[in-house]
Amino acid sequence: QYFVDVDDIVAEKIVVSKESLRGTHFRRAGPRQKVYFESDEVHACIVTCGGLCPGLNTMIREIVCGLYHMYGVTGVLGIERLIGRIQRFLCSKHNPLTPKVVNDIHKRGGTIFGTLRGGHDTSKIVDSIQDRGINQVLIFEEIRRRGLKVAVVGIPKIIDNDIPVIDKSFGFDTAVEEAQRAISAAHVESESTENGIGVVKLMGRHSGFIAMYATLASRDVDCSLIPESPFYLEGPGGLFEYIEKRLNENGHMVIVVTEGAGQELLSGNTCTMDNIDASGNKQLQDVGFWISQKIKDHFSKKQKLTINLKYIDPTYMICAVPSNASDNVYCTLLAHSAIHGAMAGYTGFTVGPVNGKHSCIPFQRITERQNKVVITDRMWARCLSSTNQPSFFSPKQLFEKIGDEKHGDNHVEDLAIK
């Protein structure tokens with residue numbers, strides 16, 4: 001098959017002038033003519049960590065089948081809940097995986113290995129890896145410190161699509177597709193009653209990509225609220241005024257709110273370091289329930305306008321579904337890129353498309369920041385055009401936001417040569 005040259009690279013940013021810095025480049029993912037591991041010596045293991053995401057079982061299947069069919073690797077294990085609790089790794093049964101075992105798992109949601117959030121004892125995990133002779137697994141820093149012959153490869157998984165550098169995270173297309181079903185249900189409910197309001201809460205702790213794309217795709221949303229774009233409730237230009245306007249015009253409306261939106265408005269300081277989940281993330285209050293109650297309270301005081309509000313939270317329904325056709329194909333490409341990189345002897349990297357070309361990306365590049373919706377870009381402007389909602393920004397706030405983004409990570413002069 002086609003082999004990738006060892007010096008083939010992919011640019012993170014497109015350089016537009018001779019005077020621009022060269023920018024950051026990554027190794028091109030793909031099969032190498034020279035491999036580092038002998039196939040019959042490989043002991044690979046696969047683990048899924050964190051929350052559920054559409055496509056996890058597809059990824060497992062394609063890694064197993066890819067190692068087996070492309071490299072003749074038969075020693076592939078599935079590890080149950082590695083990151084959640086160390087005893088689960090040390091005492092769990094190790095399931096030898098073959099293409100026959102994983103043949104149909106992509107048709108199911110979730111992950112066949114299970115998944116947990118929380119801390120772990122890295123040293124004990126690596127002890128177990130060393131004892132069992134596993135040489136392809138994701139516990140990079142401790143393995144590198146010990147100088148073990150272990151290739152460590154990650155495939156970034158988050159449904160919110162907030163991983164930097166890569167074009168898109170797997171499961172995102174499925175999440176947008178499923179989110180539309182909830183939006184459609186909210187639209188039917190709101191349209192069927194007088195002054196009906198459908199409120200849909202979607203995933204997105206720090207970024208509103210699912211809400212933005214689902215809003216654009218559905219065309220039934222009248223207001224989309226995301227973490228990157230602050231909003232206010234009362235007063236001229238506020239959310240309450242806009243709701244009243246839309247109800248007077250159409251008699252119903254649909255509001256999409258991202259889970260991380262408006263947290264600064266909720267009573268009590270919810271984003272404190274004292275309130276964190278098992279993964280170390282700040283716990284958020286239910287902004288969907290909060291904003292629904294605020295809307296009800298506001299209009300209950302206005303005797304001339306009675307509303308009928310329905311609140312829909314499809315979060316776990318979306319996370320648990322099998323991946324759609326688009327994500328199935330995408331997961332295959334990611335799995336193959338990970339396999340080729342590991343067999344070539346690369347370690348401490350993750351894979352994903354950068355400007356449309358699959359690349360090997362150092363771990364630190366995808367953990368140093370989060371990808372967010374740029375509300376001064378055209379995609380968010382298209383979303384606002386679709387909903388006809390106000391930006392909820394004053395001219396002064398918008399000017400300051402543009403200034404911050406111009407001098408931030410996206411500015412070409414800030415790129416370092418790698």
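The values are calculated or read from the model by the stated rules, or taken from the named source; none is laboratory data. Just so it is clear, the model here is predicted, and its values are computed rather than measured. A quick note on method: Cβ atoms are made from the backbone with ideal geometry, for glycine too, and the neighbour counts reach across all protein chains shown. Just the protein is used for accessible areas: all its heavy atoms, side chains included, with ligands, DNA and RNA removed. Shrake-Rupley method; radii C 1.70, N 1.55, O 1.52, S 1.80 Å.
A Cβ distance below 8 Å, combined with a sequence gap of six or more or placement on separate chains, defines the contacts here; from the range 238-253, residues that are in a helix (DSSP H, G or I) reach residues that are among the small types (Gly, Ala, Ser) in the pairs Glu241/Gly235.
If you go through the range 106-128 and pick out every residue that is at pLDDT 75 or above and out of contact with any Leu (no Cβ under 8 Å at 6 or more places or on another chain), you end up with 8. Residues of the range 210-230 that are in contact with a Ser or Thr (Cβ under 9 Å, 6 or more places away or on another chain) and among the hydrophobic types (A, V, I, L, M, F, W, C): Ile210, Ala211, Met212, Ala214, Leu216, Val221, Cys223, Leu225, Ile226. Looking at (1) buried (at least 19 other Cβ atoms within 10 Å of the Cβ); (2) not in a strand (DSSP E or B); (3) not charged (D, E, K, R), find the lone condition where Gly198 falls short. Result: Gly198 fails condition (2) only. Of the helices (runs of 4 or more DSSP H) lying entirely inside the range 315-408, those carrying at least 3 residues that are at pLDDT 90 or above are 315-319, 325-343, 378-387. Restricting attention to the range 43-73 and to residues that are in a loop (DSSP other than H, G, I, E, B) and at pLDDT below 90, the residue that is nearest to Phe172 (Cα to Cα) turns out to be Leu52. Given (1) within 10 Å of the chain's Cα centre (by Cα); (2) within 17 Å of Asn324 (Cβ to Cβ); (3) open to solvent by less than 40 Å² (accessible area, probe 1.4 Å), identify the lone condition not met by Ala214. Ala214 satisfies all of (1) within 10 Å of the chain's Cα centre (by Cα); (2) within 17 Å of Asn324 (Cβ to Cβ); (3) open to solvent by less than 40 Å² (accessible area, probe 1.4 Å) except (1).
Do we find a residue being of a type outside the set (S, T, N, Q), assigned to a loop (DSSP other than H, G, I, E, B) and modelled with pLDDT under 80 anywhere in the range 97-105? The answer is no; no qualifying residue exists. Filtering Ala320, Ala325 for residues that are farther than 21 Å from Met70 by Cβ, open to solvent by 40 Å² or more (accessible area, probe 1.4 Å) and without any contact (Cβ under 8 Å) to a residue 60 or more places away in the chain leaves a single hit, Ala325. Just one of the numbered conditions (1) at pLDDT 85 or above; (2) surrounded by fewer than 20 Cβ atoms within 10 Å (Cβ to Cβ) is not true of Glu142; which one? Among (1) at pLDDT 85 or above; (2) surrounded by fewer than 20 Cβ atoms within 10 Å (Cβ to Cβ), the lone unmet condition for Glu142 is (1). With respect to the conditions (1) over 27 Å from Asp327 (Cβ atoms); (2) assigned to a helix (DSSP H, G or I); (3) touching a residue at least 40 places away in the same chain (Cβ under 8 Å), Ile183 lacks only one, and its number is (1).
Going by the conditions given, is Ile361 over 30 Å from Lys34 (Cβ atoms), open to solvent by less than 30 Å² (accessible area, probe 1.4 Å), more than 16 Å from the chain's Cα centre (by Cα) and not charged (D, E, K, R)? Answer is no for this residue.
Scanning the range 237-256 for residues that are more than 19 Å from Ala211 (Cα to Cα), open to solvent by less than 30 Å² (accessible area, probe 1.4 Å) and in contact with a Gly (Cβ under 9 Å, 6 or more places away or on another chain) turns up Leu247, Gly251.
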